Amino acid sequence: MVDDEVLRGRIKSLMPRAKDDLAAMVAFKSVHDAAQFPVSECDGMVDWLLGTFRELGFADVAAYETPDGSKAVCGEIKGPEGAPTVLLYFHHDVQPPLDDAAWNTPVWELTEVDGRWYGRGAADCKGNIVTHLTALRALGDKLPVTVKIVGEGSEEQGTGGLEAFVPTHADLLRADAILVCDAGNFAVGVPAVTSTLRGLANVVVSVDTMAGPMHSGMFGGAAPDALAALVHMLSTLRDEEGNTTINGLDTTQVWPGADYPPDQFREDASVLSGVSLLGNARVADMVWARPAVTVLGIDCPPVVGSSAAIQPHARARINLRVPPGMDAKQAQEALIEHLKQAAPWGAKVTVEREADGEPFSGSTSGPAYDTLTSAMHDSYGRQALVEGQGGSIPLCNVFQDTFPDAEIMLIGVEEPRCLIHAPNESVDPSEIEHMALVEALFLKNYAGNRR
(Lines give C-alpha, C1' and ligand atoms only; values in the text may rest on other atoms or scores of the structure.)
Protein backbone atom coordinates (compact mmCIF):
# COMPACT_ATOMS: atom_id res chain seq x y z
CA MET A 1 0.00 0.00 0.00
CA VAL A 2 1.18 3.54 -0.70
CA ASP A 3 3.40 5.24 1.91
CA ASP A 4 1.82 8.02 4.02
CA GLU A 5 4.12 10.74 2.72
CA VAL A 6 3.60 9.61 -0.85
CA LEU A 7 -0.14 9.78 -0.16
CA ARG A 8 0.25 13.32 1.16
CA GLY A 9 2.16 14.33 -1.96
CA ARG A 10 -0.42 12.75 -4.27
CA ILE A 11 -3.23 14.67 -2.62
CA LYS A 12 -1.35 17.95 -2.91
CA SER A 13 -0.77 17.29 -6.60
CA LEU A 14 -4.48 16.53 -7.05
CA MET A 15 -5.68 19.88 -5.68
CA PRO A 16 -5.94 21.57 -9.11
CA ARG A 17 -8.20 18.73 -10.21
CA ALA A 18 -10.14 19.08 -6.96
CA LYS A 19 -10.77 22.72 -7.83
CA ASP A 20 -11.94 21.76 -11.32
CA ASP A 21 -14.27 19.11 -9.86
CA LEU A 22 -15.74 21.59 -7.41
CA ALA A 23 -16.21 24.22 -10.13
CA ALA A 24 -18.09 21.67 -12.24
CA MET A 25 -20.40 20.79 -9.34
CA VAL A 26 -21.04 24.35 -8.15
CA ALA A 27 -22.25 25.19 -11.67
CA PHE A 28 -25.24 22.86 -11.16
CA LYS A 29 -28.14 24.70 -9.48
CA SER A 30 -29.04 21.50 -7.65
CA VAL A 31 -31.75 22.86 -5.36
CA HIS A 32 -34.30 20.06 -4.91
CA ASP A 33 -37.31 22.29 -5.40
CA ALA A 34 -38.92 22.47 -8.84
CA ALA A 35 -40.62 25.72 -7.85
CA GLN A 36 -37.22 27.41 -7.65
CA PHE A 37 -34.99 25.63 -10.20
CA PRO A 38 -35.55 23.15 -13.05
CA VAL A 39 -35.38 19.47 -12.14
CA SER A 40 -32.78 19.16 -14.91
CA GLU A 41 -30.24 20.90 -12.66
CA CYS A 42 -30.47 18.11 -10.05
CA ASP A 43 -30.49 15.47 -12.78
CA GLY A 44 -27.39 17.01 -14.34
CA MET A 45 -25.64 16.88 -10.98
CA VAL A 46 -26.56 13.20 -10.62
CA ASP A 47 -25.30 12.38 -14.10
CA TRP A 48 -22.00 14.12 -13.35
CA LEU A 49 -21.59 12.07 -10.16
CA LEU A 50 -22.39 8.81 -11.94
CA GLY A 51 -19.78 9.46 -14.61
CA THR A 52 -17.13 10.62 -12.15
CA PHE A 53 -17.53 7.71 -9.75
CA ARG A 54 -17.53 5.24 -12.63
CA GLU A 55 -14.16 6.63 -13.68
CA LEU A 56 -12.95 5.89 -10.13
CA GLY A 57 -13.92 2.23 -10.39
CA PHE A 58 -17.45 2.21 -8.99
CA ALA A 59 -18.65 -0.03 -11.82
CA ASP A 60 -22.11 -0.58 -10.32
CA VAL A 61 -22.82 3.04 -9.35
CA ALA A 62 -26.43 3.98 -10.04
CA ALA A 63 -29.13 6.52 -9.23
CA TYR A 64 -32.08 5.31 -7.16
CA GLU A 65 -35.27 7.32 -6.92
CA THR A 66 -36.40 7.87 -3.33
CA PRO A 67 -39.95 8.43 -2.07
CA ASP A 68 -39.69 12.25 -2.25
CA GLY A 69 -38.62 12.15 -5.90
CA SER A 70 -34.96 12.88 -5.24
CA LYS A 71 -32.22 10.56 -6.47
CA ALA A 72 -29.73 8.75 -4.26
CA VAL A 73 -26.36 7.95 -5.85
CA CYS A 74 -25.10 4.58 -4.60
CA GLY A 75 -22.15 2.44 -5.60
CA GLU A 76 -19.41 0.13 -4.36
CA ILE A 77 -15.78 -0.82 -4.88
CA LYS A 78 -15.09 -4.24 -3.41
CA GLY A 79 -12.02 -4.72 -1.28
CA PRO A 80 -10.24 -7.98 -0.43
CA GLU A 81 -12.26 -10.96 0.76
CA GLY A 82 -13.25 -10.46 4.38
CA ALA A 83 -12.27 -6.78 4.43
CA PRO A 84 -14.45 -4.36 6.41
CA THR A 85 -16.84 -2.03 4.62
CA VAL A 86 -16.84 1.77 4.86
CA LEU A 87 -19.87 3.80 3.75
CA LEU A 88 -19.14 7.38 2.65
CA TYR A 89 -22.15 9.71 2.87
CA PHE A 90 -22.64 13.06 1.14
CA HIS A 91 -25.53 15.08 -0.27
CA HIS A 92 -25.50 16.61 -3.72
CA ASP A 93 -28.36 19.09 -3.36
CA VAL A 94 -27.77 22.62 -2.10
CA GLN A 95 -29.56 25.46 -0.36
CA PRO A 96 -31.13 28.13 -2.58
CA PRO A 97 -28.94 31.22 -2.89
CA LEU A 98 -31.35 33.41 -0.89
CA ASP A 99 -30.57 37.01 -1.90
CA ASP A 100 -28.41 37.01 -5.04
CA ALA A 101 -27.60 40.68 -4.44
CA ALA A 102 -25.98 39.80 -1.10
CA TRP A 103 -23.34 37.67 -2.84
CA ASN A 104 -19.98 39.28 -3.57
CA THR A 105 -19.19 36.67 -6.25
CA PRO A 106 -21.34 34.76 -8.78
CA VAL A 107 -23.53 32.26 -6.91
CA TRP A 108 -23.09 29.39 -9.36
CA GLU A 109 -19.49 29.98 -10.40
CA LEU A 110 -16.59 28.85 -8.21
CA THR A 111 -14.53 31.99 -7.55
CA GLU A 112 -11.29 32.33 -5.60
CA VAL A 113 -10.99 35.34 -3.29
CA ASP A 114 -8.17 35.71 -0.73
CA GLY A 115 -7.40 32.02 -0.89
CA ARG A 116 -10.96 30.77 -0.33
CA TRP A 117 -13.25 29.23 -2.96
CA TYR A 118 -16.71 30.84 -3.12
CA GLY A 119 -19.99 29.52 -4.54
CA ARG A 120 -23.21 27.87 -3.40
CA GLY A 121 -22.40 24.35 -2.25
CA ALA A 122 -18.63 24.97 -2.23
CA ALA A 123 -18.59 23.62 1.33
CA ASP A 124 -22.07 22.20 1.95
CA CYS A 125 -21.80 19.60 0.65
CA LYS A 126 -19.96 19.58 -2.67
CA GLY A 127 -16.70 20.37 -0.92
CA ASN A 128 -17.11 17.07 0.92
CA ILE A 129 -17.76 15.24 -2.36
CA VAL A 130 -14.46 16.62 -3.66
CA THR A 131 -12.80 15.30 -0.50
CA HIS A 132 -14.07 11.79 -1.30
CA LEU A 133 -12.94 12.01 -4.92
CA THR A 134 -9.48 13.31 -4.03
CA ALA A 135 -8.89 10.68 -1.34
CA LEU A 136 -9.96 7.83 -3.61
CA ARG A 137 -7.84 9.07 -6.52
CA ALA A 138 -4.81 9.32 -4.24
CA LEU A 139 -5.23 5.73 -3.02
CA GLY A 140 -5.41 4.28 -6.53
CA ASP A 141 -7.07 1.12 -7.79
CA LYS A 142 -6.55 -1.38 -4.97
CA LEU A 143 -8.28 -0.50 -1.73
CA PRO A 144 -7.76 -2.48 1.50
CA VAL A 145 -11.46 -2.04 2.40
CA THR A 146 -14.75 -2.22 0.58
CA VAL A 147 -15.98 1.30 -0.07
CA LYS A 148 -19.63 2.19 -0.59
CA ILE A 149 -21.07 5.61 -1.33
CA VAL A 150 -24.51 7.10 -0.77
CA GLY A 151 -25.27 10.58 -2.04
CA GLU A 152 -28.53 12.17 -0.93
CA GLY A 153 -30.51 14.41 -3.26
CA SER A 154 -32.85 16.29 -0.92
CA GLU A 155 -31.04 16.80 2.38
CA GLU A 156 -31.44 20.57 2.37
CA GLN A 157 -35.20 20.35 1.81
CA GLY A 158 -35.67 17.92 4.69
CA THR A 159 -38.30 15.90 2.84
CA GLY A 160 -36.94 12.57 4.08
CA GLY A 161 -36.35 10.75 0.81
CA LEU A 162 -33.17 8.99 1.88
CA GLU A 163 -34.48 8.43 5.39
CA ALA A 164 -37.22 6.26 3.86
CA PHE A 165 -34.80 4.68 1.36
CA VAL A 166 -32.16 3.41 3.81
CA PRO A 167 -34.20 0.83 5.81
CA THR A 168 -35.61 -0.71 2.63
CA HIS A 169 -32.16 -0.91 0.99
CA ALA A 170 -30.15 -1.98 4.01
CA ASP A 171 -28.08 -4.59 2.18
CA LEU A 172 -27.09 -2.03 -0.45
CA LEU A 173 -25.65 0.28 2.21
CA ARG A 174 -24.62 -2.02 5.07
CA ALA A 175 -21.20 -1.13 6.48
CA ASP A 176 -18.94 -1.50 9.50
CA ALA A 177 -18.08 2.19 9.59
CA ILE A 178 -20.10 5.15 8.27
CA LEU A 179 -18.46 8.52 7.65
CA VAL A 180 -21.20 11.13 7.46
CA CYS A 181 -19.36 13.88 5.61
CA ASP A 182 -21.70 16.81 6.16
CA ALA A 183 -20.04 18.43 9.15
CA GLY A 184 -16.76 20.21 9.74
CA ASN A 185 -13.85 21.17 11.91
CA PHE A 186 -13.73 23.48 14.90
CA ALA A 187 -11.83 26.03 12.81
CA VAL A 188 -9.53 26.03 9.79
CA GLY A 189 -6.63 23.78 10.74
CA VAL A 190 -8.29 22.45 13.91
CA PRO A 191 -9.63 18.92 13.24
CA ALA A 192 -12.74 17.71 15.02
CA VAL A 193 -15.14 14.79 15.15
CA THR A 194 -18.76 15.80 15.69
CA SER A 195 -20.08 13.35 18.26
CA THR A 196 -23.59 14.70 18.92
CA LEU A 197 -26.41 16.45 17.10
CA ARG A 198 -29.31 18.22 18.72
CA GLY A 199 -32.77 17.13 17.72
CA LEU A 200 -35.61 19.52 17.01
CA ALA A 201 -39.24 20.11 17.85
CA ASN A 202 -41.07 22.86 15.96
CA VAL A 203 -44.52 24.31 16.65
CA VAL A 204 -46.72 27.11 15.31
CA VAL A 205 -48.68 28.88 18.05
CA SER A 206 -51.76 30.97 17.22
CA VAL A 207 -53.42 33.48 19.57
CA ASP A 208 -56.98 34.82 19.14
CA THR A 209 -58.65 37.43 21.35
CA MET A 210 -61.37 39.22 19.32
CA ALA A 211 -63.60 38.64 16.32
CA GLY A 212 -61.79 41.32 14.31
CA PRO A 213 -59.43 44.31 14.52
CA MET A 214 -60.67 47.25 16.58
CA HIS A 215 -59.72 50.96 16.60
CA SER A 216 -56.93 51.48 19.15
CA GLY A 217 -58.24 54.93 20.11
CA MET A 218 -61.77 53.78 20.86
CA PHE A 219 -60.99 50.41 22.43
CA GLY A 220 -57.28 50.42 23.37
CA GLY A 221 -56.62 49.93 27.06
CA ALA A 222 -59.35 47.41 27.73
CA ALA A 223 -59.56 45.37 24.53
CA PRO A 224 -57.28 42.28 24.64
CA ASP A 225 -54.44 42.65 22.11
CA ALA A 226 -53.56 39.29 20.56
CA LEU A 227 -50.12 40.48 19.46
CA ALA A 228 -49.32 41.74 22.96
CA ALA A 229 -50.50 38.40 24.37
CA LEU A 230 -48.18 36.55 21.98
CA VAL A 231 -45.24 38.80 22.88
CA HIS A 232 -45.87 38.07 26.55
CA MET A 233 -45.99 34.33 25.91
CA LEU A 234 -42.77 34.35 23.90
CA SER A 235 -40.99 36.36 26.59
CA THR A 236 -41.52 33.53 29.08
CA LEU A 237 -39.43 31.12 26.97
CA ARG A 238 -36.17 32.77 28.15
CA ASP A 239 -35.05 34.43 31.37
CA GLU A 240 -33.23 37.77 31.63
CA GLU A 241 -29.87 36.10 30.95
CA GLY A 242 -31.18 34.35 27.86
CA ASN A 243 -31.43 30.84 29.31
CA THR A 244 -34.23 28.72 27.85
CA THR A 245 -36.96 28.38 30.50
CA ILE A 246 -39.55 25.92 29.27
CA ASN A 247 -41.36 24.29 32.15
CA GLY A 248 -40.38 20.65 32.53
CA LEU A 249 -37.15 20.76 30.49
CA ASP A 250 -33.77 20.24 32.14
CA THR A 251 -31.41 23.12 31.32
CA THR A 252 -28.46 22.11 33.50
CA GLN A 253 -26.55 19.71 31.23
CA VAL A 254 -22.81 20.24 30.77
CA TRP A 255 -20.85 19.52 27.57
CA PRO A 256 -18.02 17.01 28.33
CA GLY A 257 -15.87 17.65 25.24
CA ALA A 258 -14.04 20.63 23.78
CA ASP A 259 -14.94 24.10 25.01
CA TYR A 260 -16.02 26.85 22.61
CA PRO A 261 -14.09 30.04 23.46
CA PRO A 262 -16.54 32.97 23.75
CA ASP A 263 -14.41 35.27 21.61
CA GLN A 264 -14.29 32.71 18.81
CA PHE A 265 -18.04 32.13 19.08
CA ARG A 266 -18.72 35.87 18.89
CA GLU A 267 -16.68 36.04 15.69
CA ASP A 268 -18.22 32.88 14.20
CA ALA A 269 -21.75 34.09 14.99
CA SER A 270 -21.08 37.70 13.90
CA VAL A 271 -22.29 39.06 17.25
CA LEU A 272 -22.26 42.86 17.35
CA SER A 273 -19.87 44.67 19.67
CA GLY A 274 -21.44 45.34 23.07
CA VAL A 275 -24.15 42.67 22.68
CA SER A 276 -23.94 39.91 25.29
CA LEU A 277 -23.93 36.18 24.62
CA LEU A 278 -26.87 34.31 26.08
CA GLY A 279 -26.98 32.06 29.10
CA ASN A 280 -25.22 31.62 32.42
CA ALA A 281 -23.04 28.69 31.32
CA ARG A 282 -20.17 28.04 28.90
CA VAL A 283 -20.87 28.48 25.20
CA ALA A 284 -20.33 24.75 24.62
CA ASP A 285 -23.00 23.95 27.21
CA MET A 286 -25.47 26.37 25.66
CA VAL A 287 -25.09 25.26 22.02
CA TRP A 288 -24.37 21.54 22.36
CA ALA A 289 -25.76 20.25 25.68
CA ARG A 290 -28.89 22.24 26.52
CA PRO A 291 -32.27 22.88 24.90
CA ALA A 292 -32.48 26.15 22.98
CA VAL A 293 -35.63 27.92 21.82
CA THR A 294 -35.73 30.30 18.85
CA VAL A 295 -38.63 32.31 17.44
CA LEU A 296 -38.33 31.73 13.69
CA GLY A 297 -41.10 34.03 12.52
CA ILE A 298 -44.15 36.04 13.57
CA ASP A 299 -47.32 36.76 11.59
CA CYS A 300 -48.54 40.27 12.38
CA PRO A 301 -48.97 43.53 10.47
CA PRO A 302 -45.69 44.95 9.13
CA VAL A 303 -44.67 48.43 10.22
CA VAL A 304 -45.16 49.85 6.74
CA GLY A 305 -48.88 49.96 6.08
CA SER A 306 -49.96 49.25 9.66
CA SER A 307 -53.01 51.06 11.01
CA ALA A 308 -54.23 52.18 14.42
CA ALA A 309 -55.91 48.89 15.16
CA ILE A 310 -55.76 46.37 17.99
CA GLN A 311 -54.85 42.98 16.56
CA PRO A 312 -57.31 40.13 17.12
CA HIS A 313 -54.95 37.42 15.87
CA ALA A 314 -51.22 36.72 15.87
CA ARG A 315 -49.07 33.64 15.48
CA ALA A 316 -45.44 32.57 15.70
CA ARG A 317 -43.29 29.68 14.51
CA ILE A 318 -41.01 28.35 17.23
CA ASN A 319 -37.98 26.08 16.91
CA LEU A 320 -36.78 24.05 19.89
CA ARG A 321 -33.38 22.36 19.66
CA VAL A 322 -33.22 19.23 21.80
CA PRO A 323 -29.90 17.91 23.18
CA PRO A 324 -28.89 14.24 23.47
CA GLY A 325 -30.54 12.58 26.44
CA MET A 326 -33.83 14.44 25.91
CA ASP A 327 -36.83 13.02 24.05
CA ALA A 328 -37.87 15.34 21.21
CA LYS A 329 -41.57 14.50 21.34
CA GLN A 330 -41.72 14.99 25.11
CA ALA A 331 -39.88 18.29 24.71
CA GLN A 332 -42.40 19.37 22.10
CA GLU A 333 -45.26 18.53 24.46
CA ALA A 334 -43.56 20.54 27.23
CA LEU A 335 -43.26 23.54 24.89
CA ILE A 336 -46.92 23.31 23.91
CA GLU A 337 -48.08 23.10 27.52
CA HIS A 338 -45.79 25.98 28.52
CA LEU A 339 -47.24 28.25 25.82
CA LYS A 340 -50.82 27.44 26.81
CA GLN A 341 -50.10 28.11 30.48
CA ALA A 342 -48.32 31.38 29.67
CA ALA A 343 -51.23 32.86 27.70
CA PRO A 344 -52.65 35.95 29.49
CA TRP A 345 -56.20 37.28 29.69
CA GLY A 346 -57.85 34.01 28.74
CA ALA A 347 -56.57 34.36 25.18
CA LYS A 348 -57.49 31.44 22.93
CA VAL A 349 -54.37 29.46 22.04
CA THR A 350 -53.99 26.74 19.44
CA VAL A 351 -50.71 24.99 18.72
CA GLU A 352 -49.84 23.12 15.52
CA ARG A 353 -47.15 20.49 15.81
CA GLU A 354 -44.55 20.62 13.05
CA ALA A 355 -41.41 18.54 12.49
CA ASP A 356 -39.70 16.73 15.30
CA GLY A 357 -36.47 14.78 15.21
CA GLU A 358 -34.56 12.96 17.90
CA PRO A 359 -31.03 14.00 18.93
CA PHE A 360 -28.10 11.82 17.94
CA SER A 361 -24.95 10.55 19.63
CA GLY A 362 -22.24 9.04 17.43
CA SER A 363 -19.21 6.85 18.09
CA THR A 364 -16.44 8.09 20.37
CA SER A 365 -14.58 4.78 20.70
CA GLY A 366 -13.82 1.70 18.64
CA PRO A 367 -11.41 0.77 15.85
CA ALA A 368 -12.98 3.13 13.28
CA TYR A 369 -13.02 6.07 15.69
CA ASP A 370 -9.43 5.40 16.76
CA THR A 371 -8.33 5.12 13.12
CA LEU A 372 -10.09 8.35 12.22
CA THR A 373 -8.68 10.43 15.07
CA SER A 374 -5.19 9.04 14.38
CA ALA A 375 -5.58 10.04 10.72
CA MET A 376 -6.62 13.54 11.79
CA HIS A 377 -3.54 13.84 13.97
CA ASP A 378 -1.29 12.70 11.15
CA SER A 379 -2.90 15.05 8.64
CA TYR A 380 -3.15 18.18 10.79
CA GLY A 381 -0.29 17.61 13.20
CA ARG A 382 -2.53 18.10 16.24
CA GLN A 383 -5.01 16.17 18.34
CA ALA A 384 -8.59 16.04 17.08
CA LEU A 385 -11.25 17.71 19.21
CA VAL A 386 -14.64 16.23 20.02
CA GLU A 387 -17.43 18.74 19.41
CA GLY A 388 -21.18 18.82 19.15
CA GLN A 389 -23.40 20.42 16.56
CA GLY A 390 -26.52 22.40 17.15
CA GLY A 391 -28.10 21.31 13.88
CA SER A 392 -30.04 18.14 13.18
CA ILE A 393 -29.39 15.38 10.65
CA PRO A 394 -32.30 12.90 11.05
CA LEU A 395 -30.60 10.46 8.68
CA CYS A 396 -27.97 9.75 11.34
CA ASN A 397 -30.63 8.22 13.57
CA VAL A 398 -31.88 6.16 10.64
CA PHE A 399 -28.35 4.88 10.03
CA GLN A 400 -28.03 4.05 13.72
CA ASP A 401 -31.35 2.19 13.83
CA THR A 402 -30.69 0.31 10.58
CA PHE A 403 -27.04 -0.53 11.28
CA PRO A 404 -26.77 -0.71 15.10
CA ASP A 405 -23.31 -2.33 15.01
CA ALA A 406 -21.73 0.30 12.74
CA GLU A 407 -19.49 3.06 14.03
CA ILE A 408 -20.94 6.37 12.83
CA MET A 409 -18.83 9.53 12.76
CA LEU A 410 -19.47 13.00 11.40
CA ILE A 411 -16.65 14.90 9.71
CA GLY A 412 -16.17 17.33 6.85
CA VAL A 413 -14.87 20.63 5.53
CA GLU A 414 -17.66 22.91 6.81
CA GLU A 415 -15.85 25.05 9.43
CA PRO A 416 -17.57 28.24 10.73
CA ARG A 417 -16.12 30.65 8.15
CA CYS A 418 -17.81 28.68 5.36
CA LEU A 419 -21.14 30.47 6.02
CA ILE A 420 -23.14 27.47 4.87
CA HIS A 421 -26.82 28.24 4.09
CA ALA A 422 -25.95 31.95 3.87
CA PRO A 423 -24.85 34.23 1.04
CA ASN A 424 -21.13 34.12 0.25
CA GLU A 425 -20.67 30.46 1.13
CA SER A 426 -17.04 29.39 0.71
CA VAL A 427 -14.53 26.69 1.54
CA ASP A 428 -10.88 26.86 2.48
CA PRO A 429 -9.02 24.59 0.02
CA SER A 430 -6.57 23.63 2.77
CA GLU A 431 -9.48 21.93 4.54
CA ILE A 432 -10.26 19.89 1.42
CA GLU A 433 -6.58 18.92 1.18
CA HIS A 434 -6.24 18.00 4.86
CA MET A 435 -9.58 16.16 5.04
CA ALA A 436 -8.81 14.23 1.84
CA LEU A 437 -5.63 13.02 3.54
CA VAL A 438 -7.62 12.15 6.67
CA GLU A 439 -10.03 10.06 4.62
CA ALA A 440 -7.26 8.41 2.58
CA LEU A 441 -5.33 7.48 5.75
CA PHE A 442 -8.53 6.16 7.32
CA LEU A 443 -9.33 3.93 4.33
CA LYS A 444 -5.71 2.76 4.19
CA ASN A 445 -5.39 1.84 7.89
CA TYR A 446 -8.86 0.86 9.07
CA ALA A 447 -8.72 -2.82 8.11
CA GLY A 448 -5.44 -3.34 9.96
CA ASN A 449 -6.75 -1.66 13.11
CA ARG A 450 -9.76 -4.00 13.28
CA ARG A 451 -7.66 -7.13 13.64
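The values are calculated or read from the model by the stated rules, or taken from the named source; none is laboratory data. Just so we're clear, the structure is a prediction, and the values are computed from it rather than from any experiment. In this analysis, Cβ positions are derived from the backbone assuming ideal geometry, glycine residues included, and neighbour counts consider all displayed protein chains. Remember, those area values only see protein heavy atoms, side chains included, never the ligands or the DNA or RNA. Shrake-Rupley method; radii C 1.70, N 1.55, O 1.52, S 1.80 Å.
Note on the chain: with neighbouring protein chains present and a 1.4 Å probe, carbon and sulfur make up 51 percent of its accessible heavy-atom surface.
What are the GluC sites (Glu not before Pro) within the stretch 71-125 that DSSP puts in a loop, where the Cβ has at most 10 other Cβ atoms within 10 Å? The partial results should precede the final answer.
Values: sites: 76, 81, 109, 112; in loops: 81, 109.
Answer by residue number: 81.
Using a probe of 1.4 Å, the accessible surface attributed to residue 73 totals some 0 Å² when neighbouring protein chains are kept in position. Could you work out the local net charge near residue 209, counting Lys and Arg as +1, Asp and Glu as -1, over the other residues with Cβ closer than 10 Å to its Cβ? It works out to a net charge of -1. Please determine, in degrees from 0 to 90 and to the nearest 10, the orientation of helix 226-235 with respect to the longest principal axis defined by the Cα atoms of the chain, where the helix direction is its Cα long axis. The angle comes out at about 50 degrees. Couplings 3J(HN,Hα) for the stretch 333-340, derived from phi with the Karplus relation 6.51 cos²θ - 1.76 cosθ + 1.60 (θ = phi - 60°), are 4, 5, 5, 4, 5, 4, 4, 5 Hz, where x marks Gly and Pro. Whole-Hz Karplus values for the stretch 97-110 come out as x, 6, 8, 4, 5, 7, 7, 8, 9, x, 4, 9, 9, 4 Hz, taken residue by residue from phi with 6.51 cos²θ - 1.76 cosθ + 1.60 and θ = phi - 60°; glycine and proline positions read x.
Over the stretch 110-237, what is the relative contact order in percent, taking alpha-carbon pairs closer than 8 angstrom and at least six residues apart? Provide the component values of the computation, followed by the final result.
Working: 42 pairs, mean separation 17.6, N = 128.
With pairs under 8 Å counted, the relative contact order is 14 percent.
Among rounded, prolate and oblate, which fits the stretch 1-120 when a ≥ b ≥ c are the square roots of the eigenvalues of its C-alpha gyration tensor, a/c under 1.5 means rounded, and a/b larger than b/c means prolate? Can you show the working numbers first?
On the way: a/c = 2.77, a/b = 1.26, b/c = 2.20.
Because a/c hits 1.5 or more and a/b fails to exceed b/c, the stretch 1-120 counts as oblate.
Per-residue SASA remark: residue 78, around 150 Å² accessible (1.4 Å probe; ligands, DNA and RNA not included). Heavy-atom accessible surface of the chain, averaged per residue, reaches 42 Å², computed with a 1.4 Å probe. The solvent-accessible area of residue 377, taken with every protein chain present and a 1.4 Å probe, is close to 80 Å².
Seen against the Cα atoms of the chain and their longest principal axis, helix 429-449 is set at about 60 degrees. Can you tell me how the chain classifies by the Cα gyration tensor, rounded, prolate or oblate, using a/c under 1.5 as the rounded cut? Because a/c hits 1.5 or more and a/b exceeds b/c, the chain counts as prolate.
Counting only alpha carbon atoms, the long axis of helix 39-55 and the longest principal axis of the chain meet at about 30°.
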